[in-house]
Amino acid sequence: MPGLGTSFGRGAMTNHWIDVKNADAVLIMGSNAAENHPIAFKWVLAAMERGAVLLSVDPRFSRTSALADLYAPLRSGTDIAFLGGMINHVLRNNLFQREYVGEYTNASFLLDPAFGFKDGYFTGWDPEKKTYDRATWKFQVEADGTPKQDGSLRDPHTVFQHLRRHFARYTPEMVERVCGTPKAEFLRVAEAFARTGAPGKAGTIMYAMGWTQHSKATQLIRTAAILQMLLGNIGVAGGGVNALRGLSNVQGSTDMALLFHILPGYLGMPTRKDHPTLAAYLEKETPKTGYWVNKPKFFVSLLRAWYGEAATKDNEFAYQYLPKNSANYSYMDLFEAMYAGKLKGFIVTGQNPAVSGPNSTLERKALEKLEWLVVRELFETETAAFWKGPGVDPAKVQTEVFLLPSSTHLEREGSYTNSGRWLQWKWKAADPPGDARSDGWFANQLALRLKALYAGSRAPTDRAFLALTWDYGKEEPDLEKVLAEVNGYTVADRKPVKSFAFLADDGSTACGNWIYSGVFPAEGQNRAKSRKADPPESLGINAGWAFSWPVNRRILYNRASADPRGKPWNQEKALIWWDAEAELPDGKKGKWVGVDVPDFRPDLAPDAKGGGNPFIMRPDGKGGIFAPLAEGPLPEHYEPVESPVKNLLSNVQANPMAVIYKADLDKLGDPKEFPIVATTYRLTEHQHTGSITRNLPWLVEMMPNLFCEMSRELAEEKGIRNGAPVIVRSARGEVRAIAAVTGRFKPFKLGDRVVHEVGIPWHWGFMGLAKGDSANMLTPHVGDANTRIQESKAFLVDVRKA
Amino acid sequence: MGKNPAWSWYIVWYFFVGGMAAGAYFLAALADLFGRERTPAVARIGYTVALPLILVSPVLLTLDLGMPLRTFYMFRLLKVSSPMSVGSWALLGFSLFSLISLVLVLAERRVAPDRALGVRQLRRALAVPGTLLGFFIASYTGVLLGATNRPVWGGNAWIGPLFIVSATSVGAAAIALWPVRPRFTGFRRLDLITTAFEALVLLVFLQSLGAAAAVFLTGSLAPLFWGAVVGAGLALPFLIQLFVRGGRAPELATAVLLLVGGFALRYLVLLSGQA
Amino acid sequence: MAKAILVDTSKCIACRGCQVACKQWHGRRAEPTRFQGSYENPLALSAQTWRRVGFIETAGGDGRLRWRFISDACKHCTDASCLAVCPTGALFRRTWGAVDLNQDICNGCRYCVAACPFGIVAFNEESGRVNKCVLCPDRVEAGLEPACVTTCPTDALTFGDRDQLLSQAKRRVAELQAKGEKGAQLYGERELSGLHQLFVLQERPQVYGLPEQPRFAVASVFPSSVTSVLASVVMGVTALVAFRGRGGKGEE
Ligand SMILES: Nc1nc2c(c(=O)[nH]1)N[C@H]1C(S)=C(S)[C@@H](COP(=O)(O)OP(=O)(O)OC[C@H]3O[C@@H](n4cnc5c(=O)[nH]c(N)nc54)[C@H](O)[C@@H]3O)O[C@H]1N2
Ligand SMILES: Nc1nc2c(c(=O)[nH]1)N[C@H]1C(S)=C(S)[C@@H](COP(=O)(O)OP(=O)(O)OC[C@H]3O[C@@H](n4cnc5c(=O)[nH]c(N)nc54)[C@H](O)[C@@H]3O)O[C@H]1N2
Ligand code: SF4
Ligand code: SF4
Ligand code: SF4
Ligand code: SF4
Ligand code: SF4
Ligand SMILES: [Mo]
């Protein structure tokens, strides 16, 4: 989540689920938490019972909106305009938390005088190369290299004044014309949330896919981060920008680098071009200030964990064994490459891309180009059965498909890392049926058998694999052994390290993932298994329940929960504070104490140098209101790549850095032919591609068919009756659905234009008990500028009676 | 609003047959008790008709329940709050009385004349509770329907009376259809009064339904209501008995019309609550 | 001690966990359904579905759209029509308030089906008997909460002593009223002499399909009996008139 990473230093949910109950205002926008996080939603209700207001902003009235005190609709893909409007509201009415902004963020930093923004572009846009030269996106610096500041925030070059000017265009009237949110409703939401700008008040923002699946998603989340910094809502109990991770272990899989561009613990993946040697990598990737100065320790320890004895000082700790990135291997790029015939084989575990991938027509076609496909599954999914899907002639498909039965999460033990970064161990509830094996077993077998296959080989390409340490058991891997390695140990005695503070860059320590260090602090002590809960009336830190990375901190940047002098903004929700009298082991006095583990150097006094820099993972320790991303250092509204209207804020229609794929099946729709905005989303009753849920009769009973939600006004215009079949068509394909005509969708009045939006859940496919068309037959291969996540929340369609 | 119990044709027939049996029996019993010369024939016929009819009833009820043995669960207990429970026991009692009454009718003829009087007296004695049971059987189904939460039926206190009056007319019709000579002409008066009274109760019933009465008056059931219940069951018999004097043909016609009307009434009442 | 479930509709997120949990615990099957234009499904309680979540789109007094949810099942009425009319004793009362059903004794007469003012009891074509929510006596008497309550993630369903739940519900209604929810009200305190499934509603009961004044079905037995007796008397007299009158002598 680079949107949070660039702003705060870490790309993770800042707070945790239970902490939501401490909020005074909860803004759920870009998420439908009641439907998609129903269990955790109880913490939202707990906050409400303590007097919090719940605000829901969504293109349609959802089950979350039903519970909200205030609901405001907005056209899909216009959240930056809405949040920008809120920022403007906060700035114009002086509702921001002055001291917090001045002390804890880079608002007071002076920007390069050449930096500016004009006509939709920041300085440095190169229209030829279609990219930015970021030369001016920087601060003026003092002689010692630290940024110049103006504590009064009045200097026109301060980040603060740039911010003010930049968002001055985002007036309530503009919000109404861009988002379609009636001005009064926008203002009600803005006012209610801005109240948390008072010191001691906390507001949380909860978002998920409604924000991330856009061509400017990262900037969208930055907008929220900026708003929250202005209101002093980061680092405090009940605050935060909280990314609601999707599956129960998505956080864990990101932490463990289930992404192509990172290694475990968010260490950047080396590339062939930039990092030919370990020295080059460390030199280039290690910042001079901030906590990341320790990166070499984490990186070398990782190499030591993976390559063991084969990693020595003399061979760059086997750095050359590490694969280097030479291209973009993100999801859509992979499928584009597959479609272009560049991939031979594909192993799919725990995914059903034939339904979940955007532009599924293209992605299903791509599977036909493979030589072989391995699918590890519980059911025969659309991916495993792509060769018998609609419109496919099995005789013509040459791909050899292996379908291997997998156990379910209930049939094995292991640890989960939840949205709030808690590692929780879970135990096996039942044995898997028949030949079903766990994914761990599969990985273990694959490694062991490949090692056996390569044994004795002298080929240089096999050497890296042979050098891998791999000793987790013969059949099911011993997962605690894996966790112990992830935690890290001193090589000499194989004793676990207590935390990453004990890691070294000289090869004396090994560690599979530095951020998880501390989960296994001593032999046989698995903190993911600890289960001591706090009493219900407490803040819900629950330090004795599970282990939270890093070092069991529950609320990130919690230094900011206290004022610059070290006193909590709100005594009742105090997390940590400076105790000048507390004694340190070395006899010196003064340290940070409290209910949470300080996200700060424990002995760094508030008045010491850097004592007021809460964002320790950022080079300057300040929250990044100004923080460069691909398409600029401040967020700006652009229309979705497919949009029925002209961008009113500038002449730049869509994010100039958006990634648009260009294979023959990657078509974009003309708004004249496809005038209706569409979005896709989930239902409580189904999970994703429905592989499991469309095979469970009780769930099928509740949600049997694909449907398309639309306003009464649109239905009337098109002569569509509630419950009648309709065809929804985009430039990529069409689906058959049942019309759900409802007051929960309303036409958007944008100035004198009316724009309609429809919504389609995306859980259906051609296999399972309840079959139906997949919504992803409509969505485009268009990606966010920074993450390349697909733009499946705002695209264009047309709807007609079937 | 309760769900539709889906009481079927078996129940319509049971309501009809049970009402007819009850009517026939209490008419017979009243004739037995208070009648003049000709009425002993009425009593005999009434008892004779009642028994087979009432024996058909449990068969119909069992068919509706689906599993024969489970009918006996009705007799696990007697629950005064449940018209069906009390009704079941009453049905059992009524069947018993019908049986004994008929046995005594037959016995009266077989035994020596000096003992015939004793037999008759015994039968008359039994006719007192028998009559009460007859009235009960005729009306409890109406009370039962009232004790539901279905449209038309729920809370309505006039279905019982309606069924009783109707039971009288269909009971009389059943007796009148019996081929016997000389005939009993008192039925003319009986029919005139009952049809008139039935019309009155029907009016009160419809009145009590308020807007819900529309199902009968104007809804899809209206043709049957106006044609069969009002036309065939009330107006025509009344007019025939009023204007056409004597002769077997009008008598038979009246009886048939009354049966049609009685059946239609029960059918409509049952259907209206389950529409 | 009377127990009850409190359904706080203001906390319900319509996740339908309760609907499924009930099916799972009681081994109920899925019914064939089709999407009909609303999230609701199945469309009514049945022998296979003892608890069901209703989705109601409605405009409040202020014209603002509302989406109300209600998790609905048997109310376990004190004046339980179903129980009162059941001729076999299949329906019976647990000491702590539940209206339970003994399948072995039920003969399938369906009287309870017609009697329940809330349309709860449903006939099961397969077994020839009826089914409904039984308030999970197998769990409750083993010290557990009903399956649906255990599942509810938001505490929209709570189980406990009825008295306590009543005061909890009243507090909640007051809270909602204070927040400006004028429609907030308690349902089930006095209705039918007290329900063992109480509701905190945000609108008038009718909006949720609940009768404003549910009727105890057998309340009509007495008046019906009186009218029937009167009619019997009239018919008796009529018969006397007929039998003792002139025509009584025989053919004229
Ligand atoms: N029951 C269930 N729960 C799930 C899942 C599931 O499949 N089923 N999936 C899990 C996973 S992996 C994830 S990632 C999460 C996702 O959780 P969510 O992000 O909550 O999921 P969605 O339903 O895709 O989208 C949320 C909302 O975004 C709204 N929306 C669409 N476009 C826009 C927009 O432009 N702006 C704003 N503000 N809102 C918009 C939609 O109307 C929808 O209500 O859910 C997790 N939980
Ligand atoms: N249009 C549109 N498309 C979307 C989204 C959207 O909002 N709109 N959301 C996106 C998001 S956020 C996500 S996370 C993806 C999800 O997309 P996918 O991950 O492709 O979807 P799932 O259906 O969760 O696929 C998981 C598969 O793993 C199987 N499985 C379950 N347990 C195990 C196990 O233990 N081992 C193995 N080997 N298999 C197992 C299941 O049967 C299932 O088939 O979809 C994305 N696609
Ligand atoms: S699916 Fe699992 S992880 Fe998601 S809300 Fe339900 S219980 Fe929690
Ligand atoms: S709600 Fe209906 S089924 Fe439940 S106890 Fe009351 S009357 Fe009986
Ligand atoms: S159907 Fe069963 S439970 Fe219902 S009233 Fe009849 S016997 Fe009782
Ligand atoms: S109380 Fe038990 S039987 Fe009743 S709805 Fe809940 S789970 Fe089902
Ligand atoms: S489980 Fe609770 S929140 Fe979910 S639908 Fe049922 S009552 Fe509502
Ligand atoms: Mo996800």
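The values are calculated or read from the model by the stated rules, or taken from the named source; none is laboratory data. Since we're looking at a predicted model, the values are computed, not measured. Every residue, glycine among them, receives a Cβ derived from its backbone with ideal geometry; neighbour counts consider all protein chains shown.
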- Message: I want to confirm something. Restricting to region C:1-14 and keeping residues that are surrounded by 22 or more Cβ atoms within 10 Å (Cβ to Cβ) and of a type in the set (A, V, I, L, M), which single residue is farthest from the other protein chains (Cβ to nearest Cβ)?
- Response: C:ALA4
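Which ranges mark the helices (runs of 4 or more DSSP H) fully within region A:1-83 that have 1 or more residues being surrounded by fewer than 24 Cβ atoms within 10 Å (Cβ to Cβ) and within 16 Å of ligand 8 (Cβ to nearest atom)?
In region A:1-83, A:33-36 are the helices (runs of 4 or more DSSP H) which contain 1 or more residues that are surrounded by fewer than 24 Cβ atoms within 10 Å (Cβ to Cβ) and within 16 Å of ligand 8 (Cβ to nearest atom).
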- Within the set of pairs 6 or more residues apart or between chains, which connect a residue that is free of Cβ contacts under 8 Å to residues at least 40 places away in the same chain inside region A:693-709 to a residue that is surrounded by fewer than 19 Cβ atoms within 10 Å (Cβ to Cβ) and polar (S, T, N, Q) with Cβ atoms less than 7 Å apart? A:GLU701/C:THR33
- Item | Members of region C:5-30 that are away from ligand 1 (no atom under 16 Å from the Cβ) and not hydrophobic (A, V, I, L, M, F, W, C) | C:ASP8, C:THR9, C:SER10, C:LYS11, C:LYS23, C:GLN24, C:HIS26, C:GLY27, C:ARG28, C:ARG29
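Scan region C:37-92 residue by residue and report those that are assigned to a strand (DSSP E or B), closer than 22 Å to C:ALA2 by Cβ and either of a type in the set (A, V, I, L, M) or at the interface with another protein chain (Cβ under 10 Å from one of its Cβ atoms) (or both). Please lay out each step first, then the result.
Filtering region C:37-92 down to residues assigned to a strand (DSSP E or B) leaves C:52-59, C:65-72, C:91-92.
If we keep only those that are closer than 22 Å to C:ALA2 by Cβ too, we end up with C:71-72, C:91-92.
C:LEU91 - this is the single residue of region C:37-92 that is assigned to a strand (DSSP E or B), closer than 22 Å to C:ALA2 by Cβ and either of a type in the set (A, V, I, L, M) or at the interface with another protein chain (Cβ under 10 Å from one of its Cβ atoms) (or both).
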- Message: For region C:15-34, which positions are in a loop (DSSP other than H, G, I, E, B) and more than 10 Å from every other protein chain (Cβ to nearest Cβ)?
- Response: C:HIS26, C:GLY27
- Message: For region B:145-159, check the following and say yes or no: at least one residue is in a helix (DSSP H, G or I), hydrophobic (A, V, I, L, M, F, W, C) and surrounded by fewer than 24 Cβ atoms within 10 Å (Cβ to Cβ).
- Response: no
- Item | Contacts under 6 angstrom Cβ, first residue in region A:363-382 being away from chain C (no Cβ under 14 Å), partner charged (D, E, K, R) and within 16 Å of ligand 8 (Cβ to nearest atom), 6 or more apart | none
- Task: Could you please find all residues in region C:1-14 being over 20 Å from A:LEU683 (Cα atoms) and either assigned to a loop (DSSP other than H, G, I, E, B) or within 16 Å of ligand 3 (Cβ to nearest atom) (or both)?
- Result: C:MET1, C:ALA2
- Query: Listed residues A:GLY200, A:GLY238, A:GLY232; which is in contact with a Pro (Cβ under 7 Å, 6 or more places away or on another chain), farther than 24 Å from A:VAL659 by Cα and in a loop (DSSP other than H, G, I, E, B)?
  - Reply: A:GLY232
- Could you list all residues from region A:580-606 that are surrounded by 13 or more Cβ atoms within 10 Å (Cβ to Cβ) and acidic (Asp, Glu)? A:ASP596, A:ASP599, A:ASP603
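Tell me, please, whether a residue that is outside the structural domain of A:LYS216 (by TED's automatic domain parsing), under 30 Å from A:ARG565 (Cα atoms) and either in contact (Cβ under 8 Å) with a residue 40 or more places away in the chain or acidic (Asp, Glu) (or both) can be found in region A:129-138. Before you say what the answer is, go through the steps one by one.
The initial filter retains those residues of region A:129-138 that are outside the structural domain of A:LYS216 (by TED's automatic domain parsing), namely A:129-138.
Those still in the list that are under 30 Å from A:ARG565 (Cα atoms) too: A:138.
Adding the requirement that they be either in contact (Cβ under 8 Å) with a residue 40 or more places away in the chain or acidic (Asp, Glu) (or both) leaves none.
No, region A:129-138 contains no residue that is outside the structural domain of A:LYS216 (by TED's automatic domain parsing), under 30 Å from A:ARG565 (Cα atoms) and either in contact (Cβ under 8 Å) with a residue 40 or more places away in the chain or acidic (Asp, Glu) (or both).
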- Tally, over region C:147-188, of residues that are crowded, with 16+ Cβ neighbours inside 10 Å and closer than 21 Å to C:ARG51 by Cα: 18
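Any idea which of A:GLU173, A:GLU142, A:GLU185, A:GLU191 is charged (D, E, K, R) and more than 26 Å from A:ASP69 (Cβ to Cβ)? Explain how you work it out, then say what you get.
Numbers: A:GLU173 fails: more than 26 Å from A:ASP69 (Cβ to Cβ); A:GLU185 fails: more than 26 Å from A:ASP69 (Cβ to Cβ); A:GLU191 fails: more than 26 Å from A:ASP69 (Cβ to Cβ).
When all the criteria are applied, what remains is A:GLU142.
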- Message: Among the residues of region C:60-77, are any more than 24 Å from C:LYS170 (Cα to Cα), away from ligand 6 (no atom under 16 Å from the Cβ), touching a Lys or Arg at 6+ places or on another chain (Cβ under 9 Å) and free of Cβ contacts under 8 Å to residues at least 60 places away in the same chain?
- Response: yes
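Scanning for something outside any helix (DSSP H, G or I) and either surrounded by fewer than 17 Cβ atoms within 10 Å (Cβ to Cβ) or within 8 Å of chain B (Cβ to nearest Cβ) (or both), does region C:227-247 turn up at least one residue?
yes
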- Message: Going by what's in this entry, would C:ASN107 be described as touching a residue at least 12 places away in the same chain (Cβ under 8 Å), out of contact with any helix residue (DSSP H, G or I) (no Cβ under 7 Å at 6 or more places or on another chain) and within 14 Å of chain B (Cβ to nearest Cβ)?
- Response: no
- Does C:SER224 meet the test of being of a type outside the set (A, V, I, L, M, F, W, C) and either farther than 25 Å from C:ARG68 by Cα or not assigned by TED's automatic domain parsing to the domain that holds C:GLN48 (or both)? yes
- Query: Looking at region C:138-150, is at least one residue closer than 26 Å to C:VAL121 by Cα, within 16 Å of ligand 5 (Cβ to nearest atom) and among the charged types (D, E, K, R)?
  - Reply: no
- Note on the structure: In the set C:ARG190, C:ARG172, the lone residue that is away from ligand 2 (no atom under 16 Å from the Cβ) and closer than 30 Å to C:LEU65 by Cα is C:ARG172
- Would it be correct to say that A:ALA190 is small (Gly, Ala, Ser), over 30 Å from A:PHE745 (Cβ atoms) and not in a loop (DSSP other than H, G, I, E, B)? no
- Restricted to region A:672-714, and to residues that are over 12 Å from A:VAL758 (Cβ atoms) and of a type in the set (Val, Ile, Thr), which residue is nearest to ligand 1 (Cβ to nearest atom)? A:THR684
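Output the residue which, of all residues in region C:169-212 that are of a type in the set (Asp, Glu) and outside any loop (DSSP other than H, G, I, E, B), is farthest from ligand 5 (Cβ to nearest atom).
Out of the qualifying residues, it is C:GLU175.
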- Item | Any helices (runs of 4 or more DSSP H) falling wholly within region C:99-158 and containing at least 3 residues that are under 25 Å from B:TYR73 (Cα atoms) and within 11 Å of ligand 4 (Cβ to nearest atom) | C:111-115
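May I ask you to say which residue of B:GLY155, B:GLY142, B:GLY146, B:GLY160 is at the interface with another protein chain (Cβ under 10 Å from one of its Cβ atoms) and on the phi > 0 side of the Ramachandran plot?
Criteria check complete, one pass: B:GLY155.
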- Of all the strands (runs of 3 or more DSSP E) wholly in region A:341-445, which have at least 3 residues that are buried (at least 18 other Cβ atoms within 10 Å of the Cβ)? A:372-377, A:414-417, A:422-426
- For A:ALA208, the lone unmet condition from (1) in contact with a Ser or Thr (Cβ under 9 Å, 6 or more places away or on another chain); (2) at pLDDT 95 or above; (3) surrounded by 24 or more Cβ atoms within 10 Å (Cβ to Cβ) is (3)
- Task: Just name the residue that is farthest from A:VAL597 (Cα to Cα) out of those in region A:490-511 that are within 30 Å of the chain's Cα centre (by Cα) and either without any contact (Cβ under 8 Å) to a residue 60 or more places away in the chain or in a strand (DSSP E or B) (or both).
- Result: A:ALA510
